[in-house]
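Beneath this line is the structure, given in structure tokens, with notes to follow.
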Amino acid sequence: MLEQLGSAGSSQHTGLTEKSHVASSIPLPKLENATRGKVITRFPPEPSGYPHIGHAKAAIIDEYYARMYDGRFILRFDDTNPLNEKLEYYEAFTLALEWLNIRPDIIKNTSDDIELLYDYGRKLVLNGDAYVCTCNQQKIHDLRSKGIECDCRKRPTSDTRNIDNFFDGRFNQNEAIIRFKGSMADQNTAMRDPTLFRIINGHHPKLGDKYRIWPTYDFAAPIEDSLDGVSHAFRTKEYELRNALYFAILERLGLRKPNMIEFSRLEFNGLPVSKRKIKPLIENDIIKSWDDPRLPTLAAMKRRGFIPGAIRRFVLSLGMTLAETKPPFESLEAFNRKLIEPESIRLFFVKDPVEIMIQNSSAREIRLKNHPNIDLGTRRIKVSDSIYISKEDAIRLRAGNEVRLIEMYNIRIVEIKTEGTKLTILASWSGDNIRPDIPKIQWVAKNDDRQFEILVPKELYLGDIYNVNSLEVWKGLAESYVTHLKPDSKVQFVRMGFCRIEGANSAIFTHK
RNA sequence: GCUCCGGUGGUGUAGUCCGGUUAAGCAUUUCGCCCUCUCAAGGCGACGAUCCCGGGUUCAAAUCCCGGCCGGAGCACCA
């Protein structure tokens, strides 16, 4: 457990302060009740899946405010359901945060405090603010919807048999739960005596089989936040109705109340974040791994060629709005493009290659710039009388046309031959001078060519339906230089787009 | 169904609390020009919002009040 911080404000729902005059230089608005050095925020994921872009938004906001106020940032795994948690997910979150350059000052698990949570649970029952309920789930559901109290709730607080039985483990799963004594007739259904503890038989990745009684999120979150010294707690807006519960629990326990602030979930059109839509694709082997570039996971974003700085800028550009909207993916791409452009070397890739024989050219060695206006070095290519261009360029050519092979020379098309589906082009050298009036196309020299493919992720979902064409593969030839690049290098295939190098013969399309 | 939360150009946001010096700033998208041996980046510019609708208060409302419409969320022994 962490030391307690002094009261960081106890208003029920504070929101944010106005955007002050200086705000134009600060992406996100200032916090209410915030003092430099006294702000503590936390990112509380449940390790029940892989971190995705939505998690990134939360983590970035949490960390952003901690740094803005020279405070502290906690990564807390909310691992209160042994049925969901897996060790690999804890690891995945740790790695993802590292990748995002978010360094927690403290890393902990809610499960670390399970005994302490028991103590608070007991205290609540003993004080008459919670009770053991042995009704079955159906009955609980019915009474809750009708707003009626059950007999368990009416039992006198002095009768402590059930509470002892509960914590001594004498109930089986589904036989009893501990419920908060809220208000069964409350219009906010979250207050109709929600569950605080339930019995789950399952192996917990951190605690093994030692515990069977698990606190719910509703109970653990406010206590953990309060005890961890969290001054400003952020959560997505679907929790809004639970704020009353959150503060009611702290009130009854006499614990300090953090400020609570909501923001909207981040999701893109065509790129759903929900487990409901992603997990089936994995389980049915439609998508092989969690870092498949079509996925919204951070592992996928990384593999796709997005860099942390772009994700951060993008997230901050979203602001702290409550409006439920789907931001344009193009916006993320724009941030990323601007950031990787200066360090992406330019290379040639021809999709669906078509050979061109150049009649009157002499073999030569060409030196190519790796970047048009930044010095990223050069590369040399030996060129003979045979080169390849992409089919989409080839089919536009007509005999007599003149085009420039970028960074090399101009050619005039002499003849276009078609044998079945195979195209062959005959051309002749027509000058070395750069001419603004003719098209410029990329090329790959014969003998310098390497089989290469580019994976192009498209929208995963079209509306509610999985897009069967969500992954295109462009096959073609790339310059041999590509084989010398380290995996993870960002390149721009000229006139194609930015890509992240996967290996010696493949890349993933990042964006145009 | 009940309750809560939202609703600013195609899209995402700023401004809304403390109504007026901005009849609306920024980003993205699209288009044009400049630059350029790329369909990139950079520079410049354009298109594009009667600030969901209808009333009201006021000299003055995107900003306050009332009513409505639309969208989302919650109503789990998940988080």
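Under the criterion of Cα pairs below 8 Å and six or more residues apart, the relative contact order for chain A equals 13 percent. Taking every DSSP beta bridge that has both ends in chain A, the antiparallel portion is near 70%. Here the simple spin-label model places points 7 Å from the Cα toward Cβ, and for residue A:426 and residue A:467 these points are separated by 4.4 nm.
Highest average first, the peptides A:53-59, A:248-254 ordered by how many other beta carbon atoms sit within 10 Å of their residues are A:53-59, A:248-254.
Here the dipole of chain A is about 760 debye; that uses its Cα centre as origin and unit charges on the Cβ of Lys and Arg (positive) and Asp and Glu (negative).
Packing, as the average of other Cβ atoms within 10 Å across residues, places the peptides A:317-324, A:353-360 in the order A:353-360, A:317-324, highest first.
Once both labels are positioned 7 Å from their Cα atoms along Cα-to-Cβ, the gap between residue A:137 and residue A:283 label points is 1.6 nm.
Mean residue ellipticity at 222 nm, helices only, chain A: -7000 deg cm²/dmol; runs of at least 4 DSSP H residues each add -39,500 (n - 2.57), and the sum is divided by the number of residues. For chain A, carbon and sulfur atoms together expose 49% of the accessible surface, with a 1.4 angstrom probe and every protein chain in place.
Bridge orientation summary for the range A:193-286: considering DSSP beta bridges with both residues in this region, about 50 percent are antiparallel.
Sorting the segments A:156-166, A:291-301, A:334-344 by their mean number of nearby beta carbons within 10 angstrom, highest to lowest, gives A:291-301, A:334-344, A:156-166. Total lysine pairs in the range A:275-342 at Cα distances under 29 Å, for residues eight or more apart or on different chains: 14. Here the range A:53-106 and the range A:363-434 have alpha carbon centers that stand 50 Å from each other. Looking at the range A:275-342, the accessible area is 47 square angstrom per residue; that uses a 1.4 Å probe and ignores ligands, DNA and RNA.
The values are calculated or read from the model by the stated rules, or taken from the named source; none is laboratory data. The structure displayed is predicted, hence computed values, not measured ones. We place every Cβ from the backbone using ideal geometry, glycine too, and count neighbours over all the protein chains shown. Accessible surface is based on the protein model in full, side chains and every heavy atom, while ligands, DNA and RNA are left aside. Shrake-Rupley method; radii C 1.70, N 1.55, O 1.52, S 1.80 Å.
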